[in-house]
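Below you'll find the structure, written out as structure tokens, and then a few comments.
Derivation of every value follows stated rules applied to the coordinates shown; laboratory data play no part. Just so it is clear, the model here is predicted, and its values are computed rather than measured. Because the Cβ atoms are built from the backbone with ideal geometry, glycine has one as well, and the counts that use them run over all protein chains shown.
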4 protein chains.
Amino acid sequence: MIIVLKRDATQEEVDHIIASIQEWGLEADISRGKEQTVIGILGDESVARNKPLEAFPGVDHVMQVQKPYKRASAEFKAEPTKIVIPPVNSKGREIVIGGEEIVVSAGPCSVEGRDMLVEIATKAKAAGAGILRGGAFKPRSSPYSFQGLGVDGVRFLTDVRAELGMPIVTEVMDTRDVELIEEYSDIIQVGARNMQNFSLLKVLGGTDKPILLKRGLSNTIEELLMSAEYIMNSGNDRIILCERGIRTFETYTRNTLDLSAVAVIKNESHLPVMIDPSHGTGIRALIEPMARAGIAAGADALMIEVHNNPEEAFSDGPQSLLPEDFAKLMQGLEKVAGAVNRRIGGR
Amino acid sequence: MIIVLKRDATQEEVDHIIASIQEWGLEADISRGKEQTVIGILGDESVARNKPLEAFPGVDHVMQVQKPYKRASAEFKAEPTKIVIPPVNSKGREIVIGGEEIVVSAGPCSVEGRDMLVEIATKAKAAGAGILRGGAFKPRSSPYSFQGLGVDGVRFLTDVRAELGMPIVTEVMDTRDVELIEEYSDIIQVGARNMQNFSLLKVLGGTDKPILLKRGLSNTIEELLMSAEYIMNSGNDRIILCERGIRTFETYTRNTLDLSAVAVIKNESHLPVMIDPSHGTGIRALIEPMARAGIAAGADALMIEVHNNPEEAFSDGPQSLLPEDFAKLMQGLEKVAGAVNRRIGGR
Amino acid sequence: MIIVLKRDATQEEVDHIIASIQEWGLEADISRGKEQTVIGILGDESVARNKPLEAFPGVDHVMQVQKPYKRASAEFKAEPTKIVIPPVNSKGREIVIGGEEIVVSAGPCSVEGRDMLVEIATKAKAAGAGILRGGAFKPRSSPYSFQGLGVDGVRFLTDVRAELGMPIVTEVMDTRDVELIEEYSDIIQVGARNMQNFSLLKVLGGTDKPILLKRGLSNTIEELLMSAEYIMNSGNDRIILCERGIRTFETYTRNTLDLSAVAVIKNESHLPVMIDPSHGTGIRALIEPMARAGIAAGADALMIEVHNNPEEAFSDGPQSLLPEDFAKLMQGLEKVAGAVNRRIGGR
Amino acid sequence: MIIVLKRDATQEEVDHIIASIQEWGLEADISRGKEQTVIGILGDESVARNKPLEAFPGVDHVMQVQKPYKRASAEFKAEPTKIVIPPVNSKGREIVIGGEEIVVSAGPCSVEGRDMLVEIATKAKAAGAGILRGGAFKPRSSPYSFQGLGVDGVRFLTDVRAELGMPIVTEVMDTRDVELIEEYSDIIQVGARNMQNFSLLKVLGGTDKPILLKRGLSNTIEELLMSAEYIMNSGNDRIILCERGIRTFETYTRNTLDLSAVAVIKNESHLPVMIDPSHGTGIRALIEPMARAGIAAGADALMIEVHNNPEEAFSDGPQSLLPEDFAKLMQGLEKVAGAVNRRIGGR
């Protein structure tokens, strides 16, 4: 950590800062430039980071040198993390996220009933999807919108899971529901709006299911890794990070899918990365090019919204693919995956 | 709601859209232009808003005409809402947020102990603060940062509340803590990161304490009003909206305090508005000018971080004012309040 | 165009609006809903767009139905535009941007001298680059930074152009320099900071060289197309649009490369699209994954900064590839191009 | 400047970096921490800033310690700069921007003719406006929009200037027009879209008229100061900085007026600051609260669009005030100015 002093900092102020640093068990190294004096703090920066250094008289500003995340960092664990989802039953197979295979999770935005779910899941599986997605508890910006089927939705998901031998992923929005979702879902999803719901993250650290952690609409990549750190620090290190679009000034797309985040995370962390081009663009015609681009950028997994009747979808109809369009998409993805020495799982 | 059709939409597609609209109990009005055909939906837009119209063949895009919020809107209730906080005890007085008086809430970012809280609260009250703020449960982006004293923090707050006759506001982060905070706090705060924690909002709708709802870092004013709508729709319409800075590309300030939001909310809603220049700027030297500007823009209340020893603050030290600087700030605010025909409460 | 009226708009106000619309030679279509009344304007929206409709009493707001660009739109010209660069001399070949071949433009950020340019260009060409890039007039945010060699830089570029038979692209920043750049450069580049330098765009409309128009850091895709429209409306319709990163809250990358813009432009326009992953990320390690992703997303061309001695580069050293790394990048791109039925030109 | 090394940087790499720093005539100071090693560069950072340090092997990243601007900085000149506009003729008075008086510039977005200009200017002057604004060359995002009257517009401005004894400000968009605008206008305006048109800035550095430099829609405050630095470095240090709204995700307002920029500039620079609430909000009803807030935040000047017939304005009608509304606004501003010990000039 580097402390940049004010030009008019007094010797007394400098002494006080250095004494404080030493009191915290750290070493201080002072560089007096002609124009500016800086103090470097040697040792574990995490101690100093919790001190309000900018509140000390004589301090102009403070710059961090070390990354604030540890367990999530590539330094902590050089080898990429592989998340293994064991076979659901005898009809299923083991799924590995973060390996050579690119895993595709597909399904409706909301679980709307049993029949639609069976139909969509059957077709998605046939097209190569490895995981069934579907929302039972739905975060909606309006209280007048469909809020999800709740427990019934979870029941439909587990029925189809058993029937098709297909692992499922569904979102949890409330600490009170974690136990339920942990019991029935193969992967627990944290939605973008809850990426910094720290109470929820801590509880999820106590579960033993993999966590799909979506990047918040206005959260930096560093903050995403810090949220992963919360879960890891509470005991669960099986985390999949998901880029699903950030909020920018551009209004044509619903969000701006930040594919450079994939490459950044690959440099900074050992955790696998998923891309969600459905929410990331909000426009059906953009899903295929962005799915291809996501794979080319190095993503380990994809999440795609598929609906058998988008016109009657309770949510996200306009950005859902028909099962037959999903099947075509998967064919195209296979070639791109091959070009970067990966393959689409299940195909 | 206006449906803009694709240029090559067929008559069959148009008929199908119109039939669907009529099925939903709404009326359709078609305008055929030379270049583009649009269908207007007459009647309550909230029905159509839940239909995936953009998923219908032939539809190019859909534009909303009506505002999605109702109870929070100025149309629903023309008269400004006043939030009345009854006197805490015989040492206290009634506080009204949204009236002529501008109410100032002051206190430390985190409750760190009993003594510091008594000292800060006593001095803040003497300077004119009407409400004591202090965090017991703290949302921190790092799991390695101080997470708040929790229940102990609440106890210190209630002690000081009784001692000084000063109402308190503190944040709730978890649905499981709502009951506790509701019992002890005069106002329940929803932090920026939880503005779209819809589970929490619904539970808060069932409480009978006023809610201080902070705008999320990347949330639009409309989304803020929709989150208020969630709480109102669940039964609690005593809500104070708080602008505390949004996330932009500017890096000099911690956030960009969007003061135009004050004026927008005053036009669109009946709810009172608070400004938080401490979090909104993150820089001590900017708090005074932004507090003044907030009042000039029409804010009904302010929230200011005050700490008796910023150098040892567990959080937000650099943006905390010393009690004596807070007292000076309050003097300056009085004049600006007078210029817009308001006065600073408690002075 | 749709005019949404205020709820309390009077009949007199409505009549006045309709009369004005008819005076402008357009037709008005009124839809009276229970909650809101809207007026649709039929006919060419471009007339109404220049009228301050929101300034009329009784108007709440105005929504545009038609796209504001014409010549740049896919409706205007269904077939993709191909930009043909004729062979420079007998050593060169014809380059087509917007065809099956993906064209790669490579070279240093700034032209720093003749020798470095020859070396870089020779190696880039050998690796498959079709066009040599290099800045002679440099837009730098600091007046104390290297501002480019100016006319000397152009001379070096034209020397190397002739020597290698390689077409060149260089930036123009000033209307007074257009004639010079037009004479010597095969493609004229408009930098991101000048995307809305309308004086410059109009002058470029009078040239007969292709224009490489870079998207501004905070400009929407629609505004990019409108800037292309400026050039086209002034007589030059040979335009290549370039996505080079937009400004967001994310600070890890220099900019956020918006690859969805590629797919959006492909839907909305007939113009070819280039991607600049060097400026788009500002980080050497991210160039390869983003170049791959750009091709997978459908880009027609790439621009990559290459320098033979990044440590001594006058600008953008940290994001420049060494010629040997560029050669490796090109090999990898070939496979991705093949996966989307394209090929890398020159290889 | 601080160079943070990679964890695996070799001694050879470190030696090479230090040798290079010394070659540039600077001193290097190395701090070896347990986890990370950093090198501090002592001496004038501007030399090192032009070296591509991040391109050196072993370097992780580089952090700047000193501000990149000099002449624009508060360190360079402690006393606030006052821009003096001498009386236009015997009917006029001296105007000082940056003194006790808050100067208001008012007038139409575009000069549309002589009569409208006389009427607006007469009424604006009567209400207390000190400077007449009006666009002759207009930057418009569409080539199909009114582009300004050009030279005729300038002529109308100078006529009214002489008639009323009122100094004028008008925008220059092209280096070729600088001579014309310099001759006739009292202040030369650089629009937001040209804030980084460095060719234009350099030419303006050679004029001897004050420059009104508007902040670009996506430019940081530091970049604004760097653009001022360009002009100052070319010889003209009479600059007024103008905050006119930045581009964010919020869509209710046209832009987000960043009032904290006023306070930041007051801390970092000696240059006076103007606020433009008309462009900053784009909504008539928000101009008054934002103008008041701007003054409370410390602005030295305001720019307000006034039109006598907004319904027929060629541009920006919806955000223009009627002369009578402008007069009312000015009355309200007087009280706020008094509260911060300023007064509105001309009243």
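Can you give me the Cα centroid spacing of the stretch D:288-340 and the stretch C:195-247 in angstrom?
34 Å
Give the shape of the stretch C:83-344 as rounded, prolate or oblate, defined through the alpha-carbon gyration tensor: a ≥ b ≥ c are the square roots of its eigenvalues, a/c under 1.5 means rounded, and otherwise the shape is prolate if a/b is larger than b/c and oblate if not.
rounded
How big is the antiparallel share of DSSP beta bridges in the protein assembly as shown, given as a percent to the nearest 5?
Roughly 40 percent of the beta bridges in the protein assembly as shown run antiparallel, per DSSP.
May I ask for the angle, rounded to the nearest 10°, between helix C:11-23 and the longest principal axis of chain C, with both axes built from Cα atoms and the value confined to 0 to 90°?
Between the helix axis and the principal axis of chain C, the angle is about 50 degrees.
Using a ≥ b ≥ c from the Cα gyration tensor of the protein assembly as shown (square roots of the eigenvalues), is it rounded, prolate or oblate, where a/c under 1.5 gives rounded and otherwise the larger of a/b and b/c decides, a/b for prolate? Working shown, then result.
Values: a/c = 1.10, a/b = 1.01, b/c = 1.09.
Because its axes are fairly even, with a/c under 1.5, the protein assembly as shown counts as rounded.
Comparing A:Ser260, A:Ser73, A:Ser90, which has the greatest mean-square fluctuation in the GNM of chain A with Cα pairs linked when under 10 Å apart?
Of the options given, A:Ser90 has the highest mean-square fluctuation.
In chain A, what percentage of the DSSP-assigned beta bridges are antiparallel, given to the nearest 5?
40 percent
With unit charges on the beta carbons (Lys and Arg positive, Asp and Glu negative) and the dipole taken about the Cα centre of chain B, which residue among B:Ala162, B:Ser142, B:Ser20 sits farthest to the positive side?
Checking the options against the dipole of chain B, the answer is B:Ala162.
Is the shape of the stretch B:1-127 rounded, prolate or oblate, going by the alpha carbon gyration tensor and its root eigenvalues a ≥ b ≥ c, with a/c under 1.5 for rounded and a/b larger than b/c for prolate? Mind dumping the intermediate values first?
Values: a/c = 4.58, a/b = 3.33, b/c = 1.38.
Prolate, since a/c reaches 1.5 and a/b exceeds b/c.
Could you give the size of the charge dipole of the stretch B:83-344 about its Cα centre, using +1 on the Cβ of each K and R and -1 on the Cβ of each D and E, expressed in debye and rounded to the nearest 20?
Dipole of the stretch B:83-344, to the nearest 20 debye: 280 debye.
Please compute the modelled spin-label separation between D:Thr158 and B:Glu163, points set 7 Å along Cα→Cβ, answer in nm with one decimal.
Going from the B:Glu163 label point to the D:Thr158 one covers 7.4 nm.
Hey, rough spin-label estimate for C:Val47 and B:Asn341, points 7 angstrom out along Cα→Cβ, what's it come to in nanometres?
4.5 nm
With labels modelled as points extended 7 Å from the Cα through the Cβ direction, what inter-label distance (nm, one decimal) is found for D:Arg7 paired with A:Glu324?
Taking the simple label geometry, D:Arg7 and A:Glu324 are separated by 5.3 nm.
Answer with one residue from D:Ala74, D:Thr10, D:Ala126: the one whose Cα lies farthest towards the positive end of the charge dipole of the stretch D:1-129, charges on Cβ with Lys, Arg +1 and Asp, Glu -1.
Selected residue: D:Ala126.
Taking K and R as +1 and D and E as -1, what net charge do the other residues with C-beta under 10 Å from the C-beta of D:Lys214 add up to?
0
Between D:Asn341 and the same site in the other copies, what are the distances in nm, shortest first, taking label points 7 Å from Cα along the C-beta direction?
With the label placed 7 Å along Cα→Cβ, D:Asn341 yields 2.8, 6.9, 7.4 nm.
Charges at C-beta only: +1 for Lys and Arg, -1 for Asp and Glu. How large is the resulting dipole of the stretch D:13-120 about its Cα centre, in Debye rounded to 20?
Details: 12 positive and 18 negative charges, 76 e Å.
Value, rounded to 20: 360 debye.
Using 19 Å as the Cα-Cα cut-off, could you pick out the over-long pairs in C:Lys6/C:Lys34; C:Lys82/C:Lys266; A:Lys77/A:Lys266; B:Lys77/B:Lys266; A:Lys70/A:Lys202; B:Lys335/D:Lys77?
Cα-Cα > 19 Å for B:Lys335/D:Lys77; rest within.
Can you tell me the length gained on complete extension of the stretch B:Phe76 to B:Arg114, counting 0.36 nm per residue apart and subtracting the Cα distance?
9.3 nm
Show me the GluC sites (Glu not before Pro) within the stretch B:44-123 that DSSP assigns to loop and that have at most 16 other Cβ atoms within 10 Å of their Cβ. Don't skip to the answer; put the middle values down first.
Values: sites: B:Glu45, B:Glu54, B:Glu75, B:Glu94, B:Glu100, B:Glu101, B:Glu112, B:Glu119; in loops: B:Glu75, B:Glu94, B:Glu100, B:Glu112.
Here the sparse-neighbourhood loop sites are B:Glu75, B:Glu94, B:Glu100.
Find which of D:Leu259, D:Ile221, D:Gly338 sits farthest along the positive direction of the dipole of chain D, computed with +1 on the beta-carbon of Lys and Arg, -1 on that of Asp and Glu, about the Cα centre.
The residue sitting most towards the positive pole is D:Gly338.
Quote the charge dipole size of the protein assembly as shown about the Cα centre in Debye, to the nearest 20; the model charges only the Cβ of Lys and Arg (+1) and of Asp and Glu (-1). It would help to have the intermediate numbers written out before the result.
On the way: 156 positive and 196 negative charges, 1 e Å.
The calculated dipole for the protein assembly as shown is roughly 0 debye.
What number comes out for the charge environment of C:Ala285, summing +1 per Lys or Arg and -1 per Asp or Glu over other residues with Cβ under 11 Å away?
In short, -1.
What do you get for trypsin sites (Lys or Arg not before Pro) in the stretch C:5-50 restricted to DSSP loop and a cutoff of at most 16 other Cβ within 10 Å of the site's Cβ?
C:Lys6, C:Arg7, C:Lys34
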